[in-house]
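Asks: One structure, pasted below without further comment.
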Amino acid sequence: RLPVLPTPRGGRGYPALIGSTLRMFADEPVLRWRAALGALTFAPFSVLWTALVFLLSGPSYGWSEAAIGLLGLVGAAGSLAASTAGRLADRGLVQHVSGIGALLLLGSWGLLALAGGGGPWALAALLAGVIILDLAVQGVHISNQNLVYAVRPEARNRLNSAYMTSYFVGGAIGSALTSAVWGAAGWGGVCALGAALSAAGAVVWSAERL
């Protein structure tokens, strides 16, 4: 029931726009690298936030749904990294931001692995791991956008579509894998999955640099 709008003069129809967006993966190596890194960054993010519900509602913690929801406020600390990462990227340190973020993301799973048993120390490790993971994800994401948007400023919308589609595909895969791994191996298996995906992201960043 949407109205039919005329194609802007000199513009492209929707199928042509989709096709040109997909072709950017073939034409722009920076987009390919950063789309892969974005997917491998958001996948472990989804692993954590999917599995947290299982962990915190289970016997180790026994939290209510309301308490679990409030934990999301801790994750909001990651948004503080966005402006800092953006400023550093503008100073030409975008690769440093990406690399540090990728390593912090991997390291965060060491803390999160300590959170499975419940108790005050486990909760402290969980909170620290959540904050570090969110800071890392935001830093890598902002640096990715900084590089991708600079490839072809006149095609920024299509570049954003290509990158963000890859980003959320990674997140969806991370969530799907988490459900299967939790059933088979519990919190330890989930942490191994998150660490493996994060390590793959660090490898992608290193390979791009080489």
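Asks: In region 193-205, which residues are more than 13 Å from G38 (Cα to Cα) and free of Cβ contacts under 8 Å to residues at least 40 places away in the same chain?
Replies: A196
Asks: Quick one: in region 23-37, which of the residues that are hydrophobic (A, V, I, L, M, F, W, C) and more than 9 Å from A162 (Cβ to Cβ) is surrounded by the fewest Cβ atoms within 10 Å (Cβ to Cβ)?
Replies: Among residues in region 23-37 that are hydrophobic (A, V, I, L, M, F, W, C) and more than 9 Å from A162 (Cβ to Cβ), the one surrounded by the fewest Cβ atoms within 10 Å (Cβ to Cβ) is A26.
Asks: Sticking with this structure for a sec: Checking A102 against (1) at pLDDT below 95; (2) touching a Phe, Trp or Tyr at 6+ places or on another chain (Cβ under 6 Å), only one condition comes out false. Which one?
Replies: With (1) at pLDDT below 95; (2) touching a Phe, Trp or Tyr at 6+ places or on another chain (Cβ under 6 Å) applied to A102, the lone miss is (1).
Asks: Kindly indicate the residue of region 183-199 that is surrounded by fewer than 19 Cβ atoms within 10 Å (Cβ to Cβ) and in contact with a helix residue (DSSP H, G or I) (Cβ under 8 Å, 6 or more places away or on another chain) and also farthest from Q95 (Cα to Cα) among those meeting that condition.
Replies: Looking at the filtered set, the residue picked out is A185.
Asks: If you don't mind, another one. Would you confirm whether any residue within region 27-36 is at pLDDT below 95 and farther than 20 Å from G170 by Cβ?
Replies: Yes, there is a match, as at least one residue in region 27-36 is at pLDDT below 95 and farther than 20 Å from G170 by Cβ.
Asks: Only one residue in A150, A180, A162 is open to solvent by 60 Å² or more (accessible area, probe 1.4 Å) and either closer than 20 Å to L48 by Cβ or touching a Leu at 6+ places or on another chain (Cβ under 9 Å) (or both). Which one?
Replies: One residue alone meets the criteria, A180.
Asks: Right, here's the next one. Answer with yes or no whether V148 is touching a residue at least 40 places away in the same chain (Cβ under 8 Å) and farther than 17 Å from A77 by Cβ.
Replies: Judged against the criteria, V148 is a match.
Asks: Shifting gears a bit: Within region 64-75, is even one residue assigned to a loop (DSSP other than H, G, I, E, B), modelled with pLDDT of 90 or more and over 22 Å from T165 (Cα atoms)?
Replies: Yes, the conditions are met somewhere in region 64-75.
Asks: In the list A35, A77, A39, which residue meets the criterion of being touching a residue at least 24 places away in the same chain (Cβ under 8 Å) and under 17 Å from T178 (Cβ atoms)?
Replies: Matching residue, one of A35, A77, A39: A39.
Asks: When only residues in region 41-61 that are open to solvent by 40 Å² or more (accessible area, probe 1.4 Å) and in a helix (DSSP H, G or I) count, which is farthest from A207 (Cα to Cα)?
Replies: Top of the filtered list is S57.
The values are calculated or read from the model by the stated rules, or taken from the named source; none is laboratory data. Please read all numbers here as calculations on a predicted model, not as lab measurements. Quick reminder, even Gly has a Cβ in these numbers, built from the backbone with ideal geometry, and neighbours come from all protein chains shown. We work out accessible area using only protein heavy atoms, side chains counted, and drop any ligands, DNA or RNA first. Shrake-Rupley method; radii C 1.70, N 1.55, O 1.52, S 1.80 Å.
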